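Worksheet: one structure, shown below.
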Amino acid sequence: MFKVSPLRKRQFLGGIIGLVLGAFICYILTLEATEDYVSIGPMNTGHQDLNCFACHADAKGNLLQQVQSNIAHAVGARDEGVDFGTQDVTVDNCLQCHDRPNDRHPTYRFSEPRFKEAVQHIDATTCVTCHTEHEGERVSVANINYCMNCHQDLDVENDPLDVSHKRLIAKEQWSTCIQCHDFHGNHRYDVPEKLKDTIPMKLIQHYFEGGEDPYGSNKKYMALSQEAWLKTLEN
Amino acid sequence: MKTIYKFSLLSAFGLLLLNACGGVPEEKSATGGVENAFSVEEVLEMVAKENDITRTLYTKAIVGKGKKQGMKFDEDWRKDDVEAGPLPALFLRGVATSIRKSPVPLGLYLGSDFPVNAANKFEGKQAELFTEIKKDQKPQFFYDEDQKLHTAMFADLASAGACVSCHNDHPQTSKTDWKLGDVMGATTWQYPKDSLSYKETVAVLNSYAQGTVDIYLEYLDEIEAFKDSEKPEIGKKWPAEGNYLPTAEVFLDSVKKLTSYETMKHLVAANE
């Protein structure tokens with residue numbers, strides 16, 4: 001039935017070679033050594049040593065099952081679709097290594113209804129809004145004026161700063177916040193009292209791009225390494 | 001004709017192959033076949049009641065009495081150079097953080113119209129409902145369309161002298177004439193389903209209780225790291241008796257003793 005015509009033998013052979021080569025390439029790309037080629041971009045600062053699986057866990061079922069389930073869902077024969085290939089990466093994945101009790105802006109807080117408007121400007125309910133992965137940097141937020149979405153009414157009593165917080169806010173100098181306060185509050189350091197002693201924006205920008213930490217290396221909590229994270233899964 | 005035949009045969013083979021493995025097993029609903037026993041409003045009322053009692057106990061017996069023994073409580077209690085325990089509002093935030101780490105999809109928040117931190121001021125729908133709560137202290141319920149979450153707000157009262165004095169004297173306070181019994185703020189609770197099974201209800205109550213244990217244990221851990229302050233003795237005694245703090249088990253036992261009757265009444269009523 002599938003007899004190959006003698007005139008098409010070359011095409012047939014070519015097809016077979018293509019299939020074998022395709023399968024081989026697919027296999028090669030699943031190996032740890034080739035992860036850099038599969039990645040859609042360089043890993044962010046601190047994530048360089050992670051394997052893909054650290055965030056991209058295999059989806060449930062095999063590929064055929066996933067295709068079938070999603071077709072069934074598309075035609076209405078199944079309530080929920082399923083992840084295809086790998087599971088979606090969520091905040092929970094990030095928190096498995098980066099969860100810190102002292103986080104002054106934990107993502108869950110912004111699910112409260114009163115942050116509805118603020119979240120429309122900057123979706124603080126999810127890490128990737130500011131830390132988009134595969135960008136080869138630390139912080140990917142476009143504009144550093146995000147504090148304005150919640151802290152317009154800030155009025156510090158006995159303000160220790162030489163130029164008061166109120167005045168900085170009135171002048172809409174929102175980028176100055178980050179020159180003293182790290183967003184997540186995990187660094188141990190003394191906050192300056194004079195605006196001229198604050199961290200220059202150039203250093204902050206360099207830090208965002210993956211450079212040296214201007215708030216210092218003394219942190220209360222350290223993120224888990226891949227090895228330490230894997231150990232937590234064993235428990 | 002032959003091409004159509006071949007194509008059909010290949011398609012049939014493809015479909016057979018696709019179906020051979022079956023689909024990905026569907027997630028079994030936690031409530032599959034189980035009757036829902038409570039409306040979300042009832043459950044949130046139950047857990048909010050437990051929260052009231054727990055927080056009052058913490059504020060009166062730990063913060064209020066502890067301060068008299070020289071113990072300190074501070075908003076920066078997690079900082080290494082601050083040797084203090086969590087203020088009641090931060091105790092609640094600690095509970096909320098712990099709940100978020102549990103598999104129970106319960107959200108818990110605290111806000112006010114005169115918060116110490118201006119960023120905690122109610123806005124929008126919450127501000128609107130909070131004005132109602134201040135009038136009659138009755139809970140308010142609404143469905144948050146954007147997040148598809150059932151939401152409830154409960155009055156947070158000045159139930160202990162420590163609430164009033166700390167808020168009135170706080171350098172950042174936006175109101176200095178709080179009195180005992182005032183509605184100082186409101187807790188907001190969110191849950192995705194409109195009704196819960198018995199098991200899910202118990203899971204909500206347990207996740208709250210676990211949250212109180214977690215934050216209390218974090219406080220005890222901080223004490224362990226105190227360098228300059230005198231460490232209270234941790235055991236069965238309470239600050240009312242001296243420089244003592246109860247263990248997490250003793251604290252939770254007291255909460256349970258105070259809350260169990262009310263909660264049990266609801267749980268048993270559903271089974272009748």
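General observations
- Taken over the range A:187-219, the criterion of being aromatic (Phe, Trp, Tyr) and at pLDDT below 90 is satisfied by A:TYR189 alone.
- In the range B:98-110, the residues that are within 8 Å of chain A (Cβ to nearest Cβ) and within 8 Å of the chain's Cα centre (by Cα): B:GLY107, B:TYR109
- Applying a threshold of 6 Å to beta carbon distances and a minimum spacing of six or more residues, or different chains, the list of pairs starting in the range B:150-165 at a residue that is more than 14 Å from chain A (Cβ to nearest Cβ) and free of Cβ contacts under 8 Å to residues at least 40 places away in the same chain and ending at one that is among the aliphatic types (A, V, I, L, M) and in a helix (DSSP H, G or I) reads B:ALA155/B:ILE133; B:ALA158/B:VAL164.
- Test: B:GLY124 is facing chain A (nearest Cβ under 10 Å) and on the phi > 0 side of the Ramachandran plot: yes
- The range B:93-114, residues that are among the basic types (Lys, Arg) and surrounded by 21 or more Cβ atoms within 10 Å (Cβ to Cβ): B:ARG100
- The residue that is surrounded by the fewest Cβ atoms within 10 Å (Cβ to Cβ), among those in the range A:62-72 that are more than 7 Å from chain B (Cβ to nearest Cβ) and within 29 Å of the chain's Cα centre (by Cα), is A:LEU63.
- The number of residues in the range A:137-190 being within 14 Å of another protein chain (Cβ to nearest Cβ) and under 22 Å from B:ASP80 (Cα atoms) comes to 11.
- Answer residue from the range A:7-35, given it is exposed (fewer than 11 other Cβ atoms within 10 Å of the Cβ) and within 30 Å of A:GLY211 (Cβ to Cβ) and is farthest from the chain's Cα centre (by Cα) among those: A:ALA33
- The set of residues in the range A:176-212 being basic (Lys, Arg) and assigned to a helix (DSSP H, G or I) consists of A:LYS196, A:LYS202.
- Identity of the residue in the range B:132-148, within 14 Å of chain A (Cβ to nearest Cβ) and over 17 Å from B:ALA48 (Cα atoms), that ends up surrounded by the fewest Cβ atoms within 10 Å (Cβ to Cβ): B:GLU145
- Odd one out for A:HIS134 among (1) out of contact with any strand residue (DSSP E or B) (no Cβ under 9 Å at 6 or more places or on another chain); (2) over 16 Å from A:CYS94 (Cα atoms): (2)
The values are calculated or read from the model by the stated rules, or taken from the named source; none is laboratory data. This one's a predicted model, so the numbers in the text were calculated from it and none came from an experiment. Cβ sites come from the backbone with ideal geometry, for glycine too, and all protein chains shown count toward neighbours.
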